[in-house]
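The values are calculated or read from the model by the stated rules, or taken from the named source; none is laboratory data. Being a predicted model, the structure only gives us computed values, none of them experimental. Please note: Cβ atoms are built from the backbone with ideal geometry, for glycine as well, and neighbour counts cover all protein chains shown.
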Amino acid sequence: MAAEKALVPVNPPVKLTVQEKLDLLRAGIGLLATGIAAAITGLVRQQDGARSYRTHIRHAVVRRFLWRMSIRQLHFIYPSTAQNYETFSKKRRLKPDTVQLEHGAQGHWVGKKDAKNVVVYFHGGGFALPAYLAYFQLYADMLKKLNAAGKDVVFFFLSYTLTPEGVYPTQLRQAVEALRYIIVETGREPQNVFIGGDSAGGNLTMGVLSHLSHPHEAIKPLELSGPLGGAFTMAPWVSMDKDYLSYTSNAKRDYLSMKSGEYWGKVYVGDGKLDNYIQASQAPVEWWKDVKTKALLVFLGGDDVLVDAVGQFVDKIKSAIPNLTYVVCEGEPHVGPIFNRIMGIKKETGMGSTLRLWLMEKLP
């Protein structure tokens with residue numbers, strides 16, 4: 001194994017202008033107004049609304065927050081992925097273990113790094129948001145259950161460059177390098193390596209699978225001696241089209257607004273054009289016939305605005321990937337397990353259970 005490189009911050013702190021700080025105050029007033037309005041409309045919400053009164057208010061406020069704030073303001077408000085990892089480690093009384101990867105990314109170990117199996121994880125957030133503290137808490141708890149069941153596995157979280165400092169294909173290149181590090185530098189066999197992610201991280205998961213079979217012209221190829229042990233995508237961002245019915249039918253049920261998604265997507269693509277690596281849904285069926293994984297799990301909530309886009313994508317590729325499992329957990333929003341942990345809700349969701357049981361079955 002090569003000598004470890006010195007750590008270089010992936011996403012340096014953001015300093016807002018006076019105008020941007022004043023705008024935060026205006027945004028706060030708007031969020032308060034949204035909360036009050038939601039408290040009233042929640043009393044007379046229709047069938048297309050959230051399942052509970054409290055959820056209605058919570059989702060309305062988060063929806064407005066995500067589209068109202070600029071990416072710079074979000075970076076100012078939220079600690080970086082690396083900072084959240086340090087906080088998590090301190091709270092759990094664990095020694096943080098971070099690796100500097102190629103092309104400016106970092107990898108954070110959660111669990112015993114000498115475990116036989118590794119899950120390389122790509123977090124979501126529209127490529128604009130970091131991995132919250134909740135990510136590390138959720139997967140550390142899941143890891144504890146997997147280890148208790150006799151599964152020798154560790155998680156390796158990628159900290160990638162956020163937009164607008166990094167645009168496509170920066171994040172995909174960094175995701176490939178995280179996998180390359182695990183395969184080449186740690187010497188794991190592909191069958192003992194799993195990759196996965198949520199939302200934008202699910203986009204990266206599908207992008208990495210695409211790169212393994214059809215190398216991206218701007219990214220160094222990664223040759224594997226065999227297929228990966230498995231891959232999973234939670235509510236993957238597979239399409240940037242605007243015409244899916246669930247974008248409107250679930251608009252009042254989910255906390256994610258496609259107004260935010262459209263903006264984040266444009267920033268991520270930058271001056272580039274949509275292709276099979278950015279938008280998995282546009283790749284032809286034949287593209288997926290040589291996918292380099294023994295199993296693929298695609299799962300999301302029934303109240304997710306992305307449910308139609310993901311469902312149509314699965315219908316398209318399932319003939320090419322016979323080892324594909326697709327699960328829709330009714331009544332759950334976009335990346336429910338993570339969102340709930342952010343909200344302080346620790347009870348396991350249907351999606352959380354789906355992933356845990358799938359890993360239990362697929363991990364050697």
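Structural remarks
- When 178, 105, 128 are screened for being touching a residue at least 12 places away in the same chain (Cβ under 8 Å), touching an Asp or Glu at 6+ places or on another chain (Cβ under 7 Å) and under 26 Å from residue 261 (Cβ atoms), only 105 passes.
- Taking first residues from the stretch 215-239 that are farther than 19 Å from residue 193 by Cβ and partners that are outside any loop (DSSP other than H, G, I, E, B) and aromatic (Phe, Trp, Tyr), the Cβ contacts under 7 Å between residues at least 6 apart in sequence or on separate chains come to 238/313; 239/313.
- For the stretch 48-74, residues that are touching a residue at least 40 places away in the same chain (Cβ under 8 Å), over 21 Å from the mean Cα position of the chain (by Cα) and surrounded by fewer than 16 Cβ atoms within 10 Å (Cβ to Cβ) total 2.
- Of all residues making up the stretch 269-297, the number that are farther than 30 Å from residue 362 by Cβ and either among the β-branched types (Val, Ile, Thr) or surrounded by 15 or more Cβ atoms within 10 Å (Cβ to Cβ) (or both): 2
- In summary, residue 34 fulfils each of the numbered conditions (1) touching a Lys or Arg at 6+ places or on another chain (Cβ under 6 Å); (2) of a type in the set (Val, Ile, Thr); (3) exposed (fewer than 11 other Cβ atoms within 10 Å of the Cβ) with the single exception of condition (3).
- Condition broken by residue 15, with the remaining ones in (1) closer than 16 Å to residue 98 by Cβ; (2) exposed (fewer than 14 other Cβ atoms within 10 Å of the Cβ); (3) of a type outside the set (A, V, I, L, M, F, W, C) satisfied: (1)
- Every test in (1) surrounded by 20 or more Cβ atoms within 10 Å (Cβ to Cβ); (2) within 23 Å of residue 334 (Cβ to Cβ); (3) in contact with a strand residue (DSSP E or B) (Cβ under 6 Å, 6 or more places away or on another chain) is passed by residue 129 save one, and that test is (3).
- With respect to (1) over 18 Å from the mean Cα position of the chain (by Cα); (2) assigned to a helix (DSSP H, G or I); (3) not aromatic (Phe, Trp, Tyr), the lone exception for residue 172 is condition (1).
- Candidate set from the stretch 331-364 (those that are hydrophobic (A, V, I, L, M, F, W, C) and within 15 Å of residue 124 (Cβ to Cβ)); member that is surrounded by the most Cβ atoms within 10 Å (Cβ to Cβ): 335
- Residues in the stretch 44-80 that are farther than 23 Å from residue 345 by Cα and in contact with a helix residue (DSSP H, G or I) (Cβ under 9 Å, 6 or more places away or on another chain): 45, 48, 67, 68, 69, 70, 71, 72, 73, 76.
- Only a single item in (1) modelled with pLDDT of 95 or more; (2) under 27 Å from residue 75 (Cβ atoms) is not met by residue 224, and it is number (2).
- Residue 315 falls short of the stated requirement of being exposed (fewer than 15 other Cβ atoms within 10 Å of the Cβ) and either more than 21 Å from residue 247 (Cβ to Cβ) or at pLDDT below 95 (or both).
- Residue within the stretch 276-297 that is free of Cβ contacts under 8 Å to residues at least 40 places away in the same chain, under 24 Å from residue 66 (Cβ atoms) and out of contact with any Lys or Arg (no Cβ under 7 Å at 6 or more places or on another chain) present: no
- Residue count, the stretch 237-268 (criterion: crowded, with 19+ Cβ neighbours inside 10 Å and of a type in the set (Val, Ile, Thr)): 1
- Pair list, Cβ under 6 Å, 6 or more apart: the stretch 309-329 residue in contact (Cβ under 8 Å) with a residue 24 or more places away in the chain, other residue buried (at least 16 other Cβ atoms within 10 Å of the Cβ) and part of a helix (DSSP H, G or I): 313/281; 317/288; 320/288; 321/288; 326/314; 327/354; 329/350; 329/351
- Residue check for residue 34: touching a residue at least 40 places away in the same chain (Cβ under 8 Å), in a helix (DSSP H, G or I), of a type in the set (Ser, Thr, Tyr) and within 24 Å of residue 126 (Cβ to Cβ): no
- Of all residues in the stretch 137-158, those that are exposed (fewer than 15 other Cβ atoms within 10 Å of the Cβ) have Cβ atoms under 7 Å from Cβ atoms of residues that are modelled with pLDDT of 95 or more and not in a strand (DSSP E or B), 6 or more apart or on another chain, in 145/356; 149/360.
Quick grid of which residues meet (1) within 27 Å of residue 170 (Cβ to Cβ); (2) modelled with pLDDT under 95; (3) out of contact with any Pro (no Cβ under 6 Å at 6 or more places or on another chain):
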position: 20; (1), (2), (3): yes, no, yes
position: 38; (1), (2), (3): no, no, yes
position: 50; (1), (2), (3): no, yes, yes
position: 56; (1), (2), (3): no, no, yes
